[in-house]
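The values are calculated or read from the model by the stated rules, or taken from the named source; none is laboratory data. Quick caveat, the model's predicted, so the values are computed rather than measured. So basically every Cβ, Gly included, is an ideal-geometry build from the backbone, and we count neighbours across all protein chains shown. Ligands, DNA and RNA are excluded from the accessible area calculation, which covers all protein heavy atoms including side chains. Shrake-Rupley method; radii C 1.70, N 1.55, O 1.52, S 1.80 Å.
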Amino acid sequence: MSNPKKEFDWFDHPSSRRLLWWLLWILCGLSIIAEFFIHRHPHFSIDGFFGFYAVIGFVGCAIMILAAKGLGIWLKRKDNYYGEPEETQLPEDIDGDLR
Amino acid sequence: MGIFDNLPPAVLLFVGACIVPLLKGKVRNTFLILVPVAVFFYIMKLPIGDGLSFSFLPSFGEIEPLRVDKLSKAFGYIFTINAAVAMLFAFYVKKAFQNTWALVYIGSALGVIFAGDLITLYINWEIMAVSSTFVILARDTEKAKGAAFRYVLVHIFGGLLLLAGIVMNISAGNGIAFDGFAYADANIATTLILLGFLVNAAAPGVSAWLSDSYPEASVTGGLILSAYTTKTAVYVLLRGFSGWEPLIWVGCAMTVFGIIYALLENDMRRILAYSIINQVGFMVCAAGIGTQMAISGATAHAFCHIIYKSLLWMSAGAVLYRTGKSKCTELGGLYKTMPLTLIFGTIGALAISAVPFTSGFTSKTIIIAATEHEHLLWPWLILELASAGVFLHAGIKFPYFVFFNVDRGLRPKEAPKTMLVAMGILAFLCIYMGVRTEELYSILPYAVDYEAYTVPHIVTQSQLLMLSALVFFLFLPMLKRTATISLDTDWFYRKGGKLFYKLMDSSLNGINAAVHKSFIGGMVASIIRMASEGPAKILILVMTPYWAVKGIDASQQKELRNEIRTSVETGAFPIGITAWLSVLVLAILFFF
């Protein structure tokens, strides 16, 4: 590499990404295991069972992503749908380091 | 202090806005920071109670441009703190236009907050609409002009609803005082006022102005806009419509709507715009619940939300400022060269997701606890789901697609120092208010008996968030960005407007063309023809049988016809014929 100062690119390495995946699974596991050691006070009948919030988080988010994906088929349009001109010149308040 | 005891804070900002164009360069930009700082301390000093009021017309009631209580003070604090830090972020701006209008905009928002009557409120409401339009226009691109045009039309519509409601309320003999309207006495007047407020709160159906216009504003313009219009609407809902049950459902719908659209969106600042709708949904829901706990929760949430949302807009703004790009499909891998922007942006992202030890955790959860206290099962469940969804779209999606994802070869410089300092201040506040809850809770309108930091709460919140994060990364292939936009309700007036134009064009211009063709082209021409050729034709009609009887052949007849025509055209009849015709006419008149 000609660049004398080595760039920080830790997140690009497959090994780091694997490590982060592991970390994510472990944290998920820990948050669920921690429920064994606490005493919750449910306010409704449905939120009393073990791992309720984990289920809400997982199932809820999955449903929302699928719903968004489904609606996307119907709602998504090309960028230039409204036929507005793409600005070729950057506005003044943008430094545009790359321009 | 004398007169300064009674001056509405808005006036100070309006005066400041008048001075701004007279100053230059760094002096001006420093002045822009100092004005909101000064107003912050002024608001802190304002004594609780009715400040300034005067009689306008005897039957009208009191005009009250300054009413100070804990609710208005809390919003006053956050509006001015945010303004000062935003102006620090905007230190790079060279022209006066945008930030002058921004001061007017912030001033009029404060004018609404401290208004004790509907007339003062309405005037400031409209100043807010106009000045914010200029803030959008300041970016000076074709897209911004189009968005500003649509923006101001929607807000004029909302303002008219509000005005109609106020006028009807006055004519019903209810005066101009702006206090809580009772849900039990709901009528057309109060409903119209509510609808006017909901336009600014970006309620479903009338929310498209927000996601359409804010992302088209400049780097700082979007940042400043993101804080005031919707939060002013939240304030007036808390003040005027607390306990209006339908608002619970409006709020719930907003939280889900914001998430779904933010998940579909490609433009990073549009993701943040939809996320405002999601967050304001929590506050609108709280207004609907209307208990003291809910009102305080919404105030705390508005306070914290303005800070972390500004922080997110700042980090997105810094990226836009440096790269000139705002689409996820064009961004990625920026962690390498903009690490500080990433860190500050991530703190904002964690705070909006209500991660423990950030401000979202100590504020948003009060609203959720309020639903629990009132045993509102469905609203509670929707808000919990929405909390998980926030982590998806704002907490992870925004930083992930901008700073990580694919390296697109962009190597911009780190954000300018003033931007970094501004982001640093807000990032500090996000954590400070997440830890020092008592200081946040002390400014709320009602004392809250709520403890955010219990072990079970931290555990359940961690479960909710960690599993949401897991879903994000498991479903990542489904979240791949595409260079698309999503249709929103602005479709109706953007495409509908064009359709209306075309319809009017083809129908009205069609009628016009048909009328032109038949009258100007047809009737007038035939009248002219009749006048010029009619006499000759009649003569020929009369003479033809005569010629036939006389035995004149066809070619001679043709000659005679031509003779008649030229005689008529030139008016050169032999005297005999003219006299003969005159006698004929007189004879007809005589006998009939």
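At a glance:
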item	result
The listed residue being buried (at least 18 other Cβ atoms within 10 Å of the Cβ) and out of contact with any helix residue (DSSP H, G or I) (no Cβ under 6 Å at 6 or more places or on another chain), out of B:417, B:397	B:397
Qualifying positions in region B:324-337 - surrounded by fewer than 24 Cβ atoms within 10 Å (Cβ to Cβ) and part of a helix (DSSP H, G or I)	B:335, B:336
Out of B:203, B:227, B:208, sole residue that is touching a Gly at 6+ places or on another chain (Cβ under 9 Å) and in the same structural domain as residue B:136 (by TED's automatic domain parsing)	B:203
Neighbours by Cβ (under 8 Å, 6+ apart or cross-chain): first from region B:553-580, open to solvent by less than 100 Å² (accessible area, probe 1.4 Å); second among the β-branched types (Val, Ile, Thr) and assigned to a helix (DSSP H, G or I)	B:557/B:544; B:561/B:540; B:564/B:540; B:572/B:566
Meets criteria (touching a strand residue (DSSP E or B) at 6+ places or on another chain (Cβ under 8 Å) and surrounded by 24 or more Cβ atoms within 10 Å (Cβ to Cβ)) for residue B:67	yes
Filtered residues of region A:75-91 (kept if facing chain B (nearest Cβ under 7 Å) and among the acidic types (Asp, Glu))	A:79, A:84, A:87
Complete set of residues in region B:126-184 that are surrounded by fewer than 21 Cβ atoms within 10 Å (Cβ to Cβ) and either in contact with a strand residue (DSSP E or B) (Cβ under 8 Å, 6 or more places away or on another chain) or part of a loop (DSSP other than H, G, I, E, B) (or both)	B:140, B:141, B:172, B:173, B:174, B:175, B:177, B:179, B:180, B:182
Members of region A:65-74 that are within 7 Å of chain B (Cβ to nearest Cβ) and open to solvent by 20 Å² or more (accessible area, probe 1.4 Å)	A:67, A:69, A:71
Selected residue (only one of B:33, B:48, B:63, B:19 is assigned by TED's automatic domain parsing to the domain that holds residue B:177 and touching a residue at least 60 places away in the same chain (Cβ under 8 Å))	B:63
Residue check, residue B:88 in a strand (DSSP E or B), at negative phi and of a type in the set (A, V, I, L, M, F, W, C)	no
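Yes or no, residue by residue, for (1) surrounded by fewer than 24 Cβ atoms within 10 Å (Cβ to Cβ); (2) aliphatic (A, V, I, L, M); (3) within 14 Å of another protein chain (Cβ to nearest Cβ); (4) part of a helix (DSSP H, G or I):
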position	(1), (2), (3), (4)
B:255	no, no, yes, yes
B:258	no, no, yes, yes
B:273	no, yes, no, yes
B:285	no, no, no, yes
